[in-house]
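Everything below concerns the one structure shown next.
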Amino acid sequence: MDFRIFLTTFMAILVAELADKTQLMGITLAGKSGRPFSVWLGSVTAFMIVTAVSVTLGAYISRYLPPQAIRIGGGALFVIIGVLMVAGRFG
């Protein structure tokens, strides 16, 4: 295992996920249900599945597209979804 890649990924995900809507949902569900362990287990399991799909898809796409194209495409998709959300047409 490449510890440098592990640490970089860990820090990027940790910083990106701090105080996002997923954490706020976890706080709300734990408070409402009174079952924080069940909420934690559900959250961790869901995040593992989403991460596995993301990593698999990224590995597959990277065979056909250079990293710069993936970065630009991801950024453009992020902006498009943001505009659609503001316009009330998405989410």
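Residue pairs whose Cβ atoms lie under 8 Å apart, separated by 6 or more positions or on different chains, with the first residue in the stretch 70-86 and free of Cβ contacts under 8 Å to residues at least 60 places away in the same chain and the second surrounded by 10 or more Cβ atoms within 10 Å (Cβ to Cβ), are ILE70/GLY58; ILE70/ILE61; ILE70/SER62; GLY73/LEU65; ILE81/PHE90; LEU84/PHE90. Take VAL79 and tell me if it is at pLDDT 95 or above, hydrophobic (A, V, I, L, M, F, W, C) and surrounded by 11 or more Cβ atoms within 10 Å (Cβ to Cβ). No; evaluated as a whole, the condition is false for this residue.
In the stretch 4-17, is there at least one residue being touching a Ser or Thr at 6+ places or on another chain (Cβ under 8 Å) and without any contact (Cβ under 8 Å) to a residue 40 or more places away in the chain? No, there is no match, as no residue in the stretch 4-17 is touching a Ser or Thr at 6+ places or on another chain (Cβ under 8 Å) and without any contact (Cβ under 8 Å) to a residue 40 or more places away in the chain. Here is the figure for the stretch 55-70: residues that are surrounded by 11 or more Cβ atoms within 10 Å (Cβ to Cβ) and outside any helix (DSSP H, G or I) total 2.
Listed here are the residues, each with its yes/no results for (1) over 25 Å from PHE6 (Cβ atoms); (2) surrounded by fewer than 12 Cβ atoms within 10 Å (Cβ to Cβ); (3) out of contact with any strand residue (DSSP E or B) (no Cβ under 8 Å at 6 or more places or on another chain).
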residue	(1), (2), (3)
ALA19	no, yes, yes
LYS32	yes, yes, yes
VAL44	no, yes, yes
VAL53	no, yes, yes
ILE72	yes, no, yes
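Condition check: of a type outside the set (Phe, Trp, Tyr), loosely packed, with under 10 Cβ neighbours inside 10 Å, assigned to a helix (DSSP H, G or I) and out of contact with any strand residue (DSSP E or B) (no Cβ under 9 Å at 6 or more places or on another chain). Does ILE13 satisfy that? Considered against the rule, which asks whether it is of a type outside the set (Phe, Trp, Tyr), loosely packed, with under 10 Cβ neighbours inside 10 Å, assigned to a helix (DSSP H, G or I) and out of contact with any strand residue (DSSP E or B) (no Cβ under 9 Å at 6 or more places or on another chain), ILE13 comes out as no.
The values are calculated or read from the model by the stated rules, or taken from the named source; none is laboratory data. Computed from a predicted structure; not experimentally measured. Reconstructed Cβ throughout: ideal geometry from the backbone, glycine too, with neighbour counts over all protein chains shown.
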